[in-house]
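S.K.: Please find one structure pasted underneath; my questions will follow.
The values are calculated or read from the model by the stated rules, or taken from the named source; none is laboratory data. Keep in mind that this is a model prediction, so the values were computed, not measured. Here the Cβ positions follow ideal geometry from the backbone for every residue, glycine too, while neighbour counts run over all protein chains shown.
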Amino acid sequence: MTNHRSLAFPVEWTINIPILKNPLLWFQLMIVALLSGSFLILLLAGLNLFESHWEQIPYSFTVGISVGVGLFATFALILVLLYHGGVPTRYILRDGYIEQHTLTRAKRAGNFLGMLGLLSGKSAGMTAAGSTLLARSREQIAVKWKSVDHIEVYPDRHEIRILDGWHTVMQIISPADQFDDVLQVIQEKTQKNGRQKKFVKNREMPVGTKLILSILSLIFGFLLFPRLPIHYVGLFTIVTILFALLSLWSGGLKQRIYGAILLALPIVGVIMAFYYGEVDMTPAGSIYALGMEVLFLGYFLWLGARTFFKGRI
């Protein structure tokens, strides 16, 4: 494979994707553990807020962090035990797309790794070669060249990542003596579609990101309903959630108007709470509850500013 122009498609090779020297895998594994621990923290801290047991909030954080660390250690141990020699994978470069096949030895942990995919909540994100490990019930994936926005190259690891705009859709590992030729083929195929300019002129938020932020808006808004140290009244909470969703799912001038309103609501609500004396820091654990409240209101401030300025911050 010294000159890829002289070779007809398909071009294929088989290689063991490493475990210990695979940053993408460990990053995805960390995200899985982080999301799981964060969900538990929100659940426990939310109960503390509603039951006015604010002094127990630090213990909720401790439990969530411990669970996240435990999950990461458990998953890492299982992956190393099952795949210490790497995951055998075949790549096939075709004229219109690239295929990735996980070979039979990787089936041993199919059910367990499928569970990881569910915990991560990102089915699309699990299609990276780290995704070959974190993945799943699927043993074969394919990515069309025209769907690729750009690539990232790591020559020291003979690794190429292809991205669709906001996440890695496939991690490609090639033999050292074929890396340059594989890279040339992928560069030519991804440059032909002309999508490299997307990041410059398109600030539209991906649908997946909108869904995640919508869920966070509902959760954080719901957790503002109990009476917290700064009393953010229920009407303001309802309106804040409403404009958060409107700013996420609208477009054009309306989106900027909704974003401006969302940006103003927490500021006005907090000012009114101080003006009317609706601030109470006397109960035990008030400082912890205030920290949670600042987090929730800060999220809505960030979301309002982001939509108002069309993703420039």
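S.K.: Would you pick out the residues in the range 46-75 that are more than 20 Å from VAL32 (Cα to Cα) and in a helix (DSSP H, G or I)?
M.R.: Of everything in the range 46-75, those that are more than 20 Å from VAL32 (Cα to Cα) and in a helix (DSSP H, G or I) turn out to be GLY46, LEU47, ASN48, LEU49, PHE50, TRP54, GLU55, GLN56, ILE57, PRO58, TYR59.
S.K.: Sort through LEU134, LEU183 and tell me the only one that's surrounded by 14 or more Cβ atoms within 10 Å (Cβ to Cβ), modelled with pLDDT of 50 or more and out of contact with any Pro (no Cβ under 7 Å at 6 or more places or on another chain).
M.R.: LEU183
S.K.: Could you look through the range 159-171, keep only residues that are touching a Lys or Arg at 6+ places or on another chain (Cβ under 7 Å) and buried (at least 19 other Cβ atoms within 10 Å of the Cβ), and pick out the one that is nearest to LYS146 (Cα to Cα)?
M.R.: If we take residues in the range 159-171 being touching a Lys or Arg at 6+ places or on another chain (Cβ under 7 Å) and buried (at least 19 other Cβ atoms within 10 Å of the Cβ), then THR168 is nearest to LYS146 (Cα to Cα).
S.K.: State the number of residues belonging to the range 208-218 that are more than 12 Å from the chain's Cα centre (by Cα) and buried (at least 16 other Cβ atoms within 10 Å of the Cβ).
M.R.: Number satisfying all stated conditions: 2.
S.K.: Report whether or not GLY277 is closer than 26 Å to ALA45 by Cα and either among the β-branched types (Val, Ile, Thr) or not in a loop (DSSP other than H, G, I, E, B) (or both).
M.R.: Spelling it out, it is not the case that GLY277 is closer than 26 Å to ALA45 by Cα and either among the β-branched types (Val, Ile, Thr) or not in a loop (DSSP other than H, G, I, E, B) (or both).
S.K.: Being among the small types (Gly, Ala, Ser) and either within 15 Å of PHE309 (Cα to Cα) or surrounded by 16 or more Cβ atoms within 10 Å (Cβ to Cβ) (or both) is the filter here, so list the residues in the range 221-267 that pass it.
M.R.: GLY221, ALA244, SER247, SER250, GLY251, GLY252, GLY259, ALA260, ALA264
S.K.: Checking VAL294 against (1) within 23 Å of ILE215 (Cβ to Cβ); (2) modelled with pLDDT under 95, which test does it fail?
M.R.: (2)
S.K.: State all residues of the range 5-33 that are of a type in the set (A, V, I, L, M) and either surrounded by fewer than 16 Cβ atoms within 10 Å (Cβ to Cβ) or assigned by TED's automatic domain parsing to the domain that holds LEU228 (or both); if no residue qualifies, say none.
M.R.: Residues satisfying the conditions are LEU7, ALA8, LEU20, MET30.
S.K.: While we're looking at this one, here's another question. Would you confirm whether any residue within the range 22-32 is under 25 Å from the mean Cα position of the chain (by Cα) and outside any helix (DSSP H, G or I)?
M.R.: Yes: one or more hits.
S.K.: Also: So, ARG256, is that one more than 28 Å from GLN56 (Cβ to Cβ), touching a Phe, Trp or Tyr at 6+ places or on another chain (Cβ under 6 Å) and in a helix (DSSP H, G or I) or not?
M.R.: yes
S.K.: A follow-up question, please. Which residue, of ILE57, ILE98, ILE17, ILE92, is among the β-branched types (Val, Ile, Thr), in contact with a Pro (Cβ under 9 Å, 6 or more places away or on another chain) and at pLDDT 90 or above?
M.R.: ILE92
S.K.: Any residue that is part of a loop (DSSP other than H, G, I, E, B) and surrounded by fewer than 17 Cβ atoms within 10 Å (Cβ to Cβ) - is there at least one of those in the range 76-85?
M.R.: yes
S.K.: Exactly one condition in (1) among the β-branched types (Val, Ile, Thr); (2) out of contact with any Leu (no Cβ under 6 Å at 6 or more places or on another chain); (3) more than 30 Å from PHE225 (Cβ to Cβ) is false for ILE57; which is it?
M.R.: It is condition (3) that ILE57 fails.
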